[in-house]
Amino acid sequence: MSDFTRNGFNGRVQPSLLERGEVVREPFAPVQRVLHWAMAVCILAMLFIGVGMVSTARPISLGLVDVHRPLGILILLLVVVRLAVRARRGTPALPRDLPAGVKLGATLSHWLLYAAMISMPIIGWGMVSAAGLPVVMWGGFQLPPILPHSDALHAVLWDAHRIIAYLLFALILLHVSAALMHALIRRDGVFEAMAGGRPPV
Amino acid sequence: MAAGNVVRGGAVIGAVLAVLVAAFAWAGGWLSGDRLSPERFITALKPPGGFGYGDRRNHAKGVCVTGTFTADGAATAVSHASLFRPGTYPLIGRFSLGSADPAASDSATRVRGFGFDITGPGGEEWRSANIDVPFFPVATPDAFLQLLQASGSKDPGAIGQVAAAHPELKAFGGWAKSAPWTASFAEEQYNGIDAFVATDAAGSRHFVRWSLLPAATAQQVTPDALKAKGPDFLDRELESRLASGPLHWRMVLTEAAPGDQTADPSQAWPAGRPTVAAGTITLTAGQDNVAGPCRDVNFDPTILPSGLATGDDPFPAARSAVYAVSYNRRTAQEASGQATGGHDTGRNAQ
Ligand code: HEM
Ligand code: HEM
Ligand code: HEM
């Protein structure tokens, strides 16, 4: 029991249900699940939009850039909300039989994902600021620059934005593989804690 | 954990990863070499001597200027942009030669440019890069890429092939041969060439192009007289003018008539279209190309105030993408200390 309520997760599932195996694992709170999936869609979209918009000189590149900036800032707002919710609601503990190394890997990779979700939009905002370009959100509304106009800062942030974007994509591939491994192979309820439903037997 | 689950699950995971990676590669344009990428323009622009470290990948040679834009308010009839409301707003500008070669000769480079960055009330910006040619040599960015590639090609017939496929190029050839030369940046008219969409306060859309008409009278000079001035006189000439007083241009917006094409900057609109004088550009000081405030400005023509927007002309988007790559590379070189200030040393940058 104690394993299931670790991390300050204030059990919404009766321990007896868990013990009888009717619920394999406590789910994330609904708001956490909505945030996770909404942000997953936004972040994957941002990665595709990002590499797409810099790949072409066709008019579509402008439309993609116009979506890229505000969607990135939306992700920054959402991740702040998400971490606040997480601090209050906690997370369900991972299954007891998961090897310690795997648990560590899961925890570490989740923190890296959060680090990328926070840093990417801030770096993007900073990069546009350092280029001396207006940080346009939509027609007529722009954010203030967060950094001075500077070649040196721009060069560093431009590299960082690209490199972290590619690392984030690689990390997401790993994350999706792990999630599907839980869903299809281990069938231990880890996937369902985020996706809803119950693992197939 | 049944073996069947492992095999089936593994296959699904593999398939999902393959789809994600393939889709990402497609989005990034890495699956085929035929995307119109901004890098292809930069490669094609590279002059025989290479780019100067830290220099712009086109219009490399130039000079910074500062001043103001004073709006009369008349242009509010076509655009609700805040910087068309009566007022005086700060401007950073740059005069340049239309060549990727940082050592291009002032007396032999046909195209001259002027970029401006006006900061309106509330910090909204309008950036624009304009040239003294009244129309663009070719109709599409694809054709321009072909033209750049042909210009850099060793095949003597390459330009002829592009000209045959793009007859609009003839008009540019005619202009280059017959347009009068002047010995001053201050005596040129600079044209925005691309068509943009202005939206007025009532929400009506107007297709516009703009020109900057010099207050200074153009003194025609012969190519031989220019040559006698040597390769570097335009900066000094500008400096001496600024030393004796500010320089002015009238900014005039021209509105398309119904039926005028708006997607092809190689076609000038017929004379007699309605115009509105938006205001006056006043330049008061000049600065060095490398030490001046224009160095780190990307005069990206899609940085527009609300009330001006891109329309169906494909060039502004293409320019935005290419100028960004140029900017990224030159600022990275500036930052790494490789920049030499450009004139003929430290060449060969990508
Ligand atoms: C979660 C947030 C974000 C993600 C995942 C993301 C992802 C990306 C990716 C993948 C690229 C293409 C990199 C390349 O291949 O060169 C890119 C480029 C870019 N991003 Fe973002 N981005 C994010 C947020 C932002 C924000 C908030 C801004 C600005 C406000 C921004 C501005 C830019 C710009 C200007 C570029 C083009 C850089 C260039 O000129 O090469 N990004 N981004
Ligand atoms: C595309 C971007 C994605 C990001 C940035 C992301 C991020 C995260 C993060 C940070 C967590 C940890 C939650 C926490 O402990 O607070 C998490 C959990 C989870 N994610 Fe994702 N995710 C993404 C996509 C996906 C996808 C596509 C799937 C499924 C195929 C998925 C399945 C899961 C599952 C099952 C969990 C729960 C893990 C656990 O119980 O600890 N995620 N995700
Ligand atoms: C697809 C077509 C075009 C390409 C690929 C192209 C390419 C470039 C590049 C790479 C730069 C350097 C940008 C920087 O590093 O800041 C530049 C600058 C410039 N371009 Fe273009 N250009 C195109 C069309 C035009 C047109 C239509 C005009 C005129 C209306 C124009 C006028 C200028 C001017 C004046 C500059 C210098 C701006 C400055 O001083 O920074 N270009 N161009």
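The values are calculated or read from the model by the stated rules, or taken from the named source; none is laboratory data. Model, not experiment: these values are computed from the prediction. All Cβ positions, glycine included, derive from the backbone under ideal geometry; neighbour counts span all protein chains shown. SASA here: full protein model, heavy atoms, side chains in, ligands and nucleic acids out. Shrake-Rupley method; radii C 1.70, N 1.55, O 1.52, S 1.80 Å.
Numbers at a glance
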item: Flag for B:L148 being open to solvent by 10 Å² or more (accessible area, probe 1.4 Å) and under 16 Å from the mean Cα position of the chain (by Cα); result: yes
item: Within the stretch B:220-236, tally of residues that are of a type in the set (A, V, I, L, M), in contact with a strand residue (DSSP E or B) (Cβ under 9 Å, 6 or more places away or on another chain) and open to solvent by 80 Å² or more (accessible area, probe 1.4 Å); result: 0
item: Members of the stretch A:142-171 found to be touching a helix residue (DSSP H, G or I) at 6+ places or on another chain (Cβ under 7 Å), facing chain B (nearest Cβ under 10 Å) and in a helix (DSSP H, G or I), listed by number; result: A:D151, A:A152, A:L153, A:H154, A:A155, A:W158, A:F169
item: Some residue of the stretch A:117-130 being within 14 Å of chain B (Cβ to nearest Cβ), within 29 Å of A:P30 (Cβ to Cβ) and either assigned to a helix (DSSP H, G or I) or open to solvent by less than 30 Å² (accessible area, probe 1.4 Å) (or both); result: no
item: Looking only at the stretch A:51-78, and only at residues there that are open to solvent by less than 50 Å² (accessible area, probe 1.4 Å) and in contact with a Pro (Cβ under 8 Å, 6 or more places away or on another chain), the one that is nearest to ligand 1 (Cβ to nearest atom); result: A:G72
item: Sole residue being near ligand 2 (Cβ under 10 Å from one of its atoms), modelled with pLDDT under 95 and on the phi > 0 side of the Ramachandran plot, chosen from A:G90, A:G21, A:G8; result: A:G90
item: Out of B:A108, B:A75, B:A18, sole residue that is buried (at least 24 other Cβ atoms within 10 Å of the Cβ) and away from ligand 3 (no atom under 16 Å from the Cβ); result: B:A75
item: Residue that is farthest from ligand 2 (Cβ to nearest atom), among those in the stretch A:139-166 that are buried (at least 20 other Cβ atoms within 10 Å of the Cβ) and without any contact (Cβ under 8 Å) to a residue 24 or more places away in the chain; result: A:D151
item: Yes/no for A:V136 being more than 16 Å from ligand 2 (Cβ to nearest atom), among the aliphatic types (A, V, I, L, M), facing chain B (nearest Cβ under 10 Å) and open to solvent by 30 Å² or more (accessible area, probe 1.4 Å); result: yes
item: Selection count where residues are under 30 Å from B:Q333 (Cβ atoms) and in contact with a Lys or Arg (Cβ under 8 Å, 6 or more places away or on another chain), scope the stretch B:266-291; result: 1
item: Which numbered condition A:G105 misses (of (1) within 14 Å of chain B (Cβ to nearest Cβ); (2) part of a helix (DSSP H, G or I); (3) open to solvent by 20 Å² or more (accessible area, probe 1.4 Å)); result: (1)
item: Boolean, B:Q161 is open to solvent by 30 Å² or more (accessible area, probe 1.4 Å), polar (S, T, N, Q) and within 14 Å of another protein chain (Cβ to nearest Cβ); result: no
item: Residue, nearest to B:S240 (Cα to Cα), within the stretch B:278-305, restricted to residues that are part of a loop (DSSP other than H, G, I, E, B) and polar (S, T, N, Q); result: B:N289
item: Top-ranked residue in the stretch B:164-195 [being of a type in the set (D, E, K, R) and surrounded by 15 or more Cβ atoms within 10 Å (Cβ to Cβ); ranked as nearest to B:S128 (Cα to Cα)]; result: B:D194
item: Members of the stretch A:175-200 that are among the basic types (K, R) and either within 15 Å of A:F28 (Cβ to Cβ) or open to solvent by less than 50 Å² (accessible area, probe 1.4 Å) (or both); result: A:R198
item: Verdict on A:I172 being surrounded by fewer than 15 Cβ atoms within 10 Å (Cβ to Cβ) and modelled with pLDDT of 95 or more; result: no
item: Strands (runs of 3 or more DSSP E) within the stretch B:81-161 that include 2 or more residues free of Cβ contacts under 8 Å to residues at least 12 places away in the same chain; result: none
item: The stretch A:34-57 residues that are more than 16 Å from ligand 3 (Cβ to nearest atom) and among the hydrophobic types (A, V, I, L, M, F, W, C), paired with ones that are at pLDDT 95 or above and in a loop (DSSP other than H, G, I, E, B) (beta carbon under 6 Å, 6 or more apart); result: A:V51/B:G28
item: Members of the stretch B:23-44 found to be open to solvent by less than 60 Å² (accessible area, probe 1.4 Å), within 14 Å of A:L47 (Cβ to Cβ) and either of a type in the set (D, E) or part of a helix (DSSP H, G or I) (or both), listed by number; result: B:A23, B:F24, B:A25, B:A27
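Yes or no, residue by residue, for (1) crowded, with 18+ Cβ neighbours inside 10 Å; (2) more than 22 Å from B:A171 (Cβ to Cβ):
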site	(1), (2)
B:L253	yes, yes
B:Q267	no, no
B:P270	no, no
B:A277	no, yes
B:F315	yes, no
B:V322	yes, yes
B:S326	yes, yes
